[in-house]
1. Going by what's in this entry, would C:Ser131 be described as polar (S, T, N, Q) and either touching a Gly at 6+ places or on another chain (Cβ under 9 Å) or surrounded by fewer than 20 Cβ atoms within 10 Å (Cβ to Cβ) (or both)?
2. Does region C:177-198 hold any residues that are farther than 20 Å from B:Glu200 by Cα, more than 9 Å from chain B (Cβ to nearest Cβ) and free of Cβ contacts under 8 Å to residues at least 40 places away in the same chain, and which are they?
3. Could you say whether any residue in region D:121-130 is within 14 Å of another protein chain (Cβ to nearest Cβ), modelled with pLDDT of 95 or more and within 19 Å of the chain's Cα centre (by Cα)?
4. Suppose the filter is surrounded by fewer than 19 Cβ atoms within 10 Å (Cβ to Cβ), over 19 Å from the mean Cα position of the chain (by Cα) and in contact (Cβ under 8 Å) with a residue 12 or more places away in the chain; does A:Lys251 pass it?
5. With the structure loaded, tell me whether B:Asp239 is at pLDDT below 95, assigned by TED's automatic domain parsing to the domain that holds B:Gly182 and either within 30 Å of B:Asn276 (Cα to Cα) or of a type outside the set (Ser, Thr, Tyr) (or both) or whether it fails that test.
6. What are the pairs with Cβ atoms under 6 angstrom where one residue, in region C:165-176, is more than 9 Å from every other protein chain (Cβ to nearest Cβ) and the other, located anywhere, is part of a strand (DSSP E or B) and of a type in the set (Asp, Glu)? Sequence gap at least six, or different chains.
7. Out of the residues in region C:199-219 meeting the condition of being in contact with a helix residue (DSSP H, G or I) (Cβ under 8 Å, 6 or more places away or on another chain) and more than 7 Å from chain B (Cβ to nearest Cβ), tell me which one is surrounded by the fewest Cβ atoms within 10 Å (Cβ to Cβ).
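The values are calculated or read from the model by the stated rules, or taken from the named source; none is laboratory data. Please read all numbers here as calculations on a predicted model, not as lab measurements. Cβ placement follows ideal geometry from the backbone for every residue including glycine, while neighbour counts extend to all protein chains displayed.
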There are 4 protein chains.
Amino acid sequence: MENFGILTNRSKDPDFEMTKLIAKWLEDNNKTVVLTTELLESSEDNKVNMADEALYKVMDCAIILGGDGTIIHSARKLAVHEVPIVGVNLGTVGFLAEVEKKDALNVLEKILSEEYVIENRMMLSTSIISSNGNMINAGIGLNDVVVTRGGFSRIIELSVYVNGQLIDIYYADGMIVSTPTGSTAYSLSAGGPILNPATEMMVITPICPHSLTARSIVVSGEDEVWVKVEDIRNKEDGDVLVTIDGQIGYKLNKNDKIVIKNAAHKTKLVKLKDNNFYTLLRKKIGCHLKERKPK
Amino acid sequence: MENFGILTNRSKDPDFEMTKLIAKWLEDNNKTVVLTTELLESSEDNKVNMADEALYKVMDCAIILGGDGTIIHSARKLAVHEVPIVGVNLGTVGFLAEVEKKDALNVLEKILSEEYVIENRMMLSTSIISSNGNMINAGIGLNDVVVTRGGFSRIIELSVYVNGQLIDIYYADGMIVSTPTGSTAYSLSAGGPILNPATEMMVITPICPHSLTARSIVVSGEDEVWVKVEDIRNKEDGDVLVTIDGQIGYKLNKNDKIVIKNAAHKTKLVKLKDNNFYTLLRKKIGCHLKERKPK
Amino acid sequence: MENFGILTNRSKDPDFEMTKLIAKWLEDNNKTVVLTTELLESSEDNKVNMADEALYKVMDCAIILGGDGTIIHSARKLAVHEVPIVGVNLGTVGFLAEVEKKDALNVLEKILSEEYVIENRMMLSTSIISSNGNMINAGIGLNDVVVTRGGFSRIIELSVYVNGQLIDIYYADGMIVSTPTGSTAYSLSAGGPILNPATEMMVITPICPHSLTARSIVVSGEDEVWVKVEDIRNKEDGDVLVTIDGQIGYKLNKNDKIVIKNAAHKTKLVKLKDNNFYTLLRKKIGCHLKERKPK
Amino acid sequence: MENFGILTNRSKDPDFEMTKLIAKWLEDNNKTVVLTTELLESSEDNKVNMADEALYKVMDCAIILGGDGTIIHSARKLAVHEVPIVGVNLGTVGFLAEVEKKDALNVLEKILSEEYVIENRMMLSTSIISSNGNMINAGIGLNDVVVTRGGFSRIIELSVYVNGQLIDIYYADGMIVSTPTGSTAYSLSAGGPILNPATEMMVITPICPHSLTARSIVVSGEDEVWVKVEDIRNKEDGDVLVTIDGQIGYKLNKNDKIVIKNAAHKTKLVKLKDNNFYTLLRKKIGCHLKERKPK
């Protein structure tokens, strides 16, 4: 790895202090920093600082400064170029950032010494096919594709298919199709299981379904999932929405069909050899009720 | 009971066929029908035909023709006048209608013979107090008061108090405060328990909470519950909503506090003596997996 | 309050160090200690040291040294005498103990100054009626009455009735009937809601039911619940058990009916005026995923 | 396919009526029936009639007459010989039987015409390693491996590892490790997700865990899962058990480690080309609450 990009969430590193520190350290170690802080400061985007496509192409590694949201945002842009990502966590502890702010330089040193592995994370590609046959390529996501009701409407009617076979018709608040990476995000809140992120699977989790028998269904990473808008109770505009990673959204119409499948590209996470998912899981969502431990 | 009102959901009895049949039968049995079909047909309201307040006052009993939604709608209007309700189900089988269409006249005959009991159903009164101290009386509901996110936002931050004591702060899609009657509606879909409708309790159920430890909490019917909007992620208009029975809605702002308590009035349901809630429950949501019964 | 009993779980205060300290402090404050440490040390029972009935009668207040299990154990013995209880927690933090070991004397001082309230906790009385009509009074419990399969059998068939009306027939691992106090114990693990402990209700929670539509049902404290053993798959001895508070157990036979209702007596907990249930709940089972809080 | 075995659950075909009918039909179609009814009738085993190993070896196809339990029982015996299975359902509708009794001959006709596919179902191999290093090969299962408490004990302490990495320590009633086939059985009752049975995954589902944050975890079919008995509250004999498919059981001791992994052999189900899992799922556990469908 010679050329390092740095993508900073300005709201979490307002004066580019951390960005500059890392850039300087990389240059001191004879690496090329693709995005200089000057470039960063001239950026218009005040949420996540995104270099343009040309720059992504020359990066051997992208260092993302921010939280899980920043990493997910960047992952969608970088995946097509297969640029490995190192997340430096400037927010609350996340599932995707590999390193806390204070340990950033130590970890970069390990990476320069090649003490890392690349973990491939499955992504979802999404397209929207409307009833007249028009198709929109809605982009790819690292976490999930979510179809929900909007506004004052409460219930929507959705049908879900796997490889063209009907799973069921649901009256619900919505439907989540999640990657293993996304299984610890919204799907978990809606009652879904945790999927080991090294696998390629999808979990389909209904949100507040009317039927008490509706459950999360785990399908293969090779399957193609369709979520179709069967009915909208109130005919108001914007009553049904699809969002990718909770960051990109589209309004849907009756009979729109969302086609979700394994994306051609992976998010490549740089992982230290001694980190593992289950340790992170215990730290993040485990909450042992030691005090309830019976005598 | 001498004076009977008839409140018809026009979409379920489009030509007032059933309405007229019942009105005639009542008149043939020497009862007074407060709402004539002429009055009904001149109504502007094309969803549920609502007589005005003066007419409610003279009713001894209101016959509601429609589904559970119609009964809930009518219950909110009639409760203040303490008019007993008989629901005649013109839709799919519901929890509140006492009688199916085909049995309507038989059941009315029993009612005229006084073979019934009145079941009081707890209702919720709701007010919205904004950060500047303004208060809106948002009305009463028979099922539930629901605070949810709207539009593209996903997570809202809500705090919940009981009698002024903080229960918890939730990052969630929303919060449901339900009566026993409403416990088999939205709260059940969100994972809540079933409350016997003859009791006076409230169940507070978070919708897709971030914290996996958040659970439904059942409090006394004497308690006062507050749901406060602590934060809205995206500052767009209409991001948080409160709805009563899924039928009346208001947009909320940051720091708005919803005050929910036992309403002064009850919905009075006319029940035949041989009907009971658990039989209905088994029929409505029970779904015995006989075939999974092990040998 | 003049006469104080002290009931110590010897395994948590092996040398009676804390017991003696409290006894001396009470005597220094001119109170009578009903159970002297000499009495305690002569006890045969090496789990929870229980004075005999005569002594309970003269106690104005019982100080329980141990954990929640010790308090529950003592509560069953003391309830009939209506002796107020102060739990001093010698274990991991519990729901019932009012005070941690280190604060014990401070809290006792407040109690002598009458800065407390008595909180009445509903208890359950349980009897077992066998198919030949024999009845066993199985005792009272503060937490729950649980019917479960035992040994290698997995599924049992249970019917549940409220006031003689069938709720449903369940194929399940078992059934929990819990007080509000017990709602944060086993019922919670099995998916039940939390009930405010100041109320009088019961929650009926099936354990791993076959039917996905089976849910917790909350009934009034005035209701009488029956759990009947309909069938046992494997006819081996001891295949179905009933346990009260997880501490007292009986083996059941086919057609045995467990009758559960509000007990005549309450557990009287001495509570400091500034403590409340929801604060305890947040501390005990709340586990805020601050780090999952989105930007 | 020339040589057909017939394995009959005698309790479901007491006079071998169906068994003889199928045997005759096969012989009329010039096929060899490996197990004659004479052989069956001489069997000692009065639950599921099992031919000996020699006979399994010559079968090209095994026709199982019974319910899902019979098929699971037979599957464990046949897997090592890779004999394709056709389940003829003599019980309540099941997930594994391909054909109902009345359609049996029609389906066999299709099978003779080669209108079928073979669906491979993942199985689990299980061994028990005791603290002194002894290992027992506990056999293979098609549904699940379950570690549970037995008798009057309630809570056991179990640790779960995947590929040698600790997932977590659980205080619970038990732990289920399930195949995709088993995901619609006990794991579902305990709150687990549904896994498409054509995939190779395992789902680890805790039973009534103390910690509210414990959730089902889905791992790859290549992973090796360990469940270790960390502690047993009451030291009585038989307090912890492991069962395979709910049919084979062993008592466990403290520190015993159950090693669970993808078995070397598959259960080979003969499936008609037009049957699919999701249709079956809707029929079996779906229970649409049409009547709750809002207007």
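1. The answer is yes for C:Ser131.
2. Taking region C:177-198 as the starting set, the residues that turn out to be farther than 20 Å from B:Glu200 by Cα are C:182, C:184-191.
So of that shortlist, the ones also more than 9 Å from chain B (Cβ to nearest Cβ) come out as C:182, C:184-187, C:189-190.
Listed by number, the residues that qualify are C:Ser189, C:Ala190.
3. So in region D:121-130, the residues within 14 Å of another protein chain (Cβ to nearest Cβ) come out as D:122.
This time we only want the ones that are modelled with pLDDT of 95 or more, so: D:122.
Imposing the further condition that a residue be within 19 Å of the chain's Cα centre (by Cα) reduces the set to D:122.
Yes, region D:121-130 contains a residue that is within 14 Å of another protein chain (Cβ to nearest Cβ), modelled with pLDDT of 95 or more and within 19 Å of the chain's Cα centre (by Cα).
4. When the stated conditions are applied, A:Lys251 passes them.
5. Details: at pLDDT below 95: yes; assigned by TED's automatic domain parsing to the domain that holds B:Gly182: yes; either within 30 Å of B:Asn276 (Cα to Cα) or of a type outside the set (Ser, Thr, Tyr) (or both): yes.
Considered against the rule, which asks whether it is at pLDDT below 95, assigned by TED's automatic domain parsing to the domain that holds B:Gly182 and either within 30 Å of B:Asn276 (Cα to Cα) or of a type outside the set (Ser, Thr, Tyr) (or both), B:Asp239 comes out as yes.
6. From residues that are more than 9 Å from every other protein chain (Cβ to nearest Cβ), the pairs are C:Ile176/C:Asp144.
7. So the residue we want is C:Leu212.
Results for (1) assigned to a strand (DSSP E or B); (2) in contact with an Asp or Glu (Cβ under 7 Å, 6 or more places away or on another chain); (3) aromatic (Phe, Trp, Tyr); (4) surrounded by 20 or more Cβ atoms within 10 Å (Cβ to Cβ), shown as yes or no for each residue.
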| residue | (1), (2), (3), (4) |
| --- | --- |
| B:Val145 | yes, no, no, yes |
| B:Glu157 | yes, yes, no, no |
| B:Tyr161 | yes, no, yes, no |
| B:Tyr171 | yes, yes, yes, yes |
